[in-house]
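Each reported figure results from applying straightforward, stated rules to the coordinates on display, with no laboratory input. Just so it is clear, the structure is predicted and the values come from calculations on it, not from any experiment. We place every Cβ from the backbone using ideal geometry, glycine too, and count neighbours over all the protein chains shown.
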Amino acid sequence: MSKIDEVKAGVAAGKTKVVPGLVQEALNEGQAATAILEAMVEAMGVVGDKFSSGEIFVPEMLVAGKAMQKGVEVLKPVLAGSGAVSLGKCIIGTVAGDLHDIGKNLVALMIGSAGFDVIDLGVDVPADKFIETIKANPDVKVVACSALLTTTMPAMKETVETIKASGLTGFKVLVGGAPITPEFASSIGADAYARDAGGAAVKAKELV
Ligand code: B1M
């Protein structure tokens with residue numbers, strides 16, 4: 001089994017203690033950080049499929065998520081850029097009712113690497129919290145909302161609509177997450193949509 005396959009298997013099995021070492025070994029072998037990250041994302045896909053088919057349950061999904069987060073910690077210094085240029089502030093959060101943060105954290109990492117100062121509000125962020133943070137940071141350039149559940153798409157709609165109706169200006173709203181489509185993004189009034197973390201960084205730069 002290749003080192004990358006070992007990382008993938010370790011994440012899927014939720015081996016939180018073993019994964020960081022495997023990721024480091026894969027890096028030492030000369031594997032690209034992006035390829036290792038891709039393998040971990042694929043592992044989460046396997047975990048999601050097993051959850052859907054009833055083969056595993058929430059605790060296994062949770063521990064796999066933790067294993068991925070531990071692996072990402074090792075990749076962070078390699079994935080993160082110099083951050084020498086400042087493009088302004090970006091407020092990011094996962095919308096109300098949604099506890100998924102692995103993808104949001106990757107988006108925050110890539111947007112930060114692109115040169116933004118990231119204010120991460122975490123998960124389960126109500127629309128009011130976004131508004132409060134925008135008011136406290138009137139120079140914010142991008143507000144980024146993530147949602148991972150079809151059931152929290154209405155919360156994303158409410159968040160974007162509340163931000164747009166607030167009359168606050170000077171920034172753009174970027175949305176994304178597995179169930180979000182470009183059509184949904186434009187239907188709720190978002191300024192931009194990105195499919196993945198790399199795309200979110202590119203889009204955020206285009207928006208300023
Ligand atoms: Co959850 N979960 N989960 N889960 N979970 C999914 C999302 C699911 C698809 C699994 C499945 O059934 N196959 C399913 C959603 C189904 C649906 O809505 N149609 C699901 C479910 C049902 C649930 C619960 C309801 C389960 C339950 O309790 N019965 C529950 C909900 C809890 C809640 O939020 N209220 C739940 C809970 C959890 C855990 C807490 C156990 C854990 C999360 C741990 C954590 O995040 N810290 C978890 C996990 C790990 C998953 C899966 C397995 C993996 C998610 C992940 O991290 N993927 C997931 C299955 C899957 O994804 N295939 C699943 C890797 C990550 C890098 O990808 O997050 O998609 P992703 O992020 C990508 C893009 O989406 C995009 O870029 C990222 C990186 O490239 N992106 C953006 C994300 N945000 C963006 C923002 C942008 C732009 C791009 O701009 C701002």
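Result for the chain in a Gaussian network model with C-alpha springs under 10 Å: among Ile92, Ile111, Ile102, the largest mean-square fluctuation is at Ile102. In the chain, the calculated helix contribution to ellipticity at 222 nm averages -17500 deg cm²/dmol per residue, counting -39,500 (n - 2.57) for every DSSP H run with n ≥ 4.
Hey, in the GNM for the chain with a 10 angstrom Cα cutoff, which one of Leu149, Leu79, Leu168 fluctuates hardest? Comparing Leu149, Leu79, Leu168 in a Gaussian network model of the chain, the most mobile one is Leu168.
What number in nm² do you get for the chain if you take the convex hull of its Cα atoms and divide its surface by four? All intermediate terms of the calculation are to be shown ahead of the outcome.
Details: hull surface 46.3 nm².
If I average the Cα hull's projected area over directions, I get 11.6 nm².
Less than 14 Å Cβ to Cβ from Asp98, Lys/Arg counted +1 and Asp/Glu -1: what total charge do the surrounding residues give? Overall, the nearby charge balance is 0.
The overall shape of the stretch 89-207, judged from the alpha-carbon gyration tensor, is rounded, with an a/c ratio under 1.5.
Each label was represented as a point 7 Å from its Cα along the Cα-to-Cβ direction; for Thr150 and Phe184 these points are 0.9 nm apart. What is the list of residues in the stretch 171-208 whose amide nitrogen lies under 15 Å from a point 7 angstrom out from the Cα of Val85, following Cα to Cβ? Counting only backbone N, you get 201-208. Rounded to the nearest 10 degrees, the angle from helix 33-52 to the longest Cα principal axis of the chain is 90 degrees. Seen against the Cα atoms of the chain and their longest principal axis, helix 3-12 is set at about 70 degrees.
Using a Förster distance of 25 angstrom, determine the FRET efficiency expected from the C-beta separation of Glu42 and Lys17, and round it to 0.05. Don't skip to the end; give the middle numbers.
Working: r = 21 Å, r/R0 = 0.84.
Efficiency computed from Cβ-Cβ geometry: 0.75.
Determine the relative contact order of the stretch 30-152: mean sequence separation of Cα pairs under 8 Å and six or more apart, normalised by residue count, in whole percent.
Working: 148 pairs, mean separation 33.2, N = 123.
Across the stretch 30-152, relative contact order equals 27 percent.
The alpha carbon centroids of the stretch 120-169 and the stretch 91-118 are separated by 12 Å. Karplus-based coupling profile of the stretch 73-79, in residue order and whole Hz: 3, 5, 7, 3, x, 7, 6, with θ = phi - 60° in 6.51 cos²θ - 1.76 cosθ + 1.60 and x standing for Gly or Pro. All other residues with a Cβ under 12 Å from the Cβ of Gly48 taken together, and with Lys, Arg as +1 and Asp, Glu as -1, what is their net charge? Net charge in that neighbourhood comes out at -3.
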